[in-house]
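Remarks on the structure that follows.
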Amino acid sequence: MAENPWQPLLHTFEKLSNCIQTHLSNFIGIKNTPRSSPTIQNPTSLDSSPLITRTNNSNLQKLPLKDKSIGPVTKEDLGRATWTFLHTLAAQYPEKPTRQQKKDVKELMAILSRMYPCRECADHFKEILRSNPPRAGSQEEFSQWLCHVHNTVNRSLGKLVFPCERVDARWGKLECEQKSCDLHGTSMDF
Ligand SMILES: Cc1cc2nc3c(=O)[nH]c(=O)nc-3n(C[C@H](O)[C@H](O)[C@H](O)COP(=O)(O)OP(=O)(O)OC[C@H]3O[C@@H](n4cnc5c(N)ncnc54)[C@H](O)[C@@H]3O)c2cc1C
């Protein structure tokens, strides 16, 4: 049978339409599935992929789903991340800090007590700082002070107290090639 004379034109039109659809989908953040391969990939289950695919017929394509790991940050997540930051900072802190570094620690703690993004924690921390002003004359002094302060928070939350003599074993320096992460102190005494 002779080929439909409109076939090449229809084919070109289909390609053009797919192309426009793809660009629009990218623009609004929906993943496009080519028209020629409609698929159903388990639309009801929340598997490891954050996306689900539905048929093109229903015009529902890949839609972003909420993934537990990218859900809202809890007070606990924030706390763990902040303690990781602070204890790592203390582990990296120089043996002989400069005057500026000691000042920075005090300012950082003061800023945390004002801007920590959990109001009750910030207020609580402000109180703790009032009776335990930051001590950052050396690496050891800072990491021990921080451990003590963290334990004060732990106690108020009914958590176990951490043995501060083990703080260096728990929080080591960052593993960076050629000590490129080390903070440099001073050789002078302040
Ligand atoms: C400044 C600040 C104030 C906070 N205030 C509050 C508050 O008022 N109310 C509230 O509900 N939550 C508060 N949090 C959060 C709370 O401290 C915990 O981070 C959160 O409850 C999660 O606890 P976690 O048991 O997973 O371990 P975290 O207490 O987050 O500790 C993380 C890890 O640090 C180690 N660790 C524990 N104690 C010490 C220590 N003393 N020294 C060294 N390492 C230690 C342990 O290995 C532990 O797994 C605060 C957090 C911060 C940073």
Quick check on segment 55-83: of everything there that is surrounded by fewer than 13 Cβ atoms within 10 Å (Cβ to Cβ) and modelled with pLDDT under 65, which residue is nearest to the ligand (Cβ to nearest atom)? Lys68
Filter segment 89-122 for residues that are among the acidic types (Asp, Glu) and under 20 Å from Ser138 (Cβ atoms); which is farthest from the ligand (Cβ to nearest atom)? Glu95
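Going by what's in this entry, would Leu86 be described as surrounded by 15 or more Cβ atoms within 10 Å (Cβ to Cβ), within 16 Å of the ligand (Cβ to nearest atom), aliphatic (A, V, I, L, M) and modelled with pLDDT of 95 or more?
yes
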Can you list residue pairs whose Cβ atoms sit under 9 Å apart, with the first residue in segment 77-90 being of a type in the set (Ser, Thr, Tyr) and the second being surrounded by fewer than 16 Cβ atoms within 10 Å (Cβ to Cβ)? Count only pairs 6 or more apart in sequence or on different chains. Thr88/Gly172; Thr88/Lys173; Thr88/Leu174
Pick out the one residue from Asp182, Asp168 that is charged (D, E, K, R) and away from the ligand (no atom under 14 Å from the Cβ). Asp182
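The values are calculated or read from the model by the stated rules, or taken from the named source; none is laboratory data. All of these numbers come straight from a predicted model, not from anything done at the bench. No Cβ is skipped: glycine too gets one built from the backbone with ideal geometry, and neighbour counts run over all protein chains shown.
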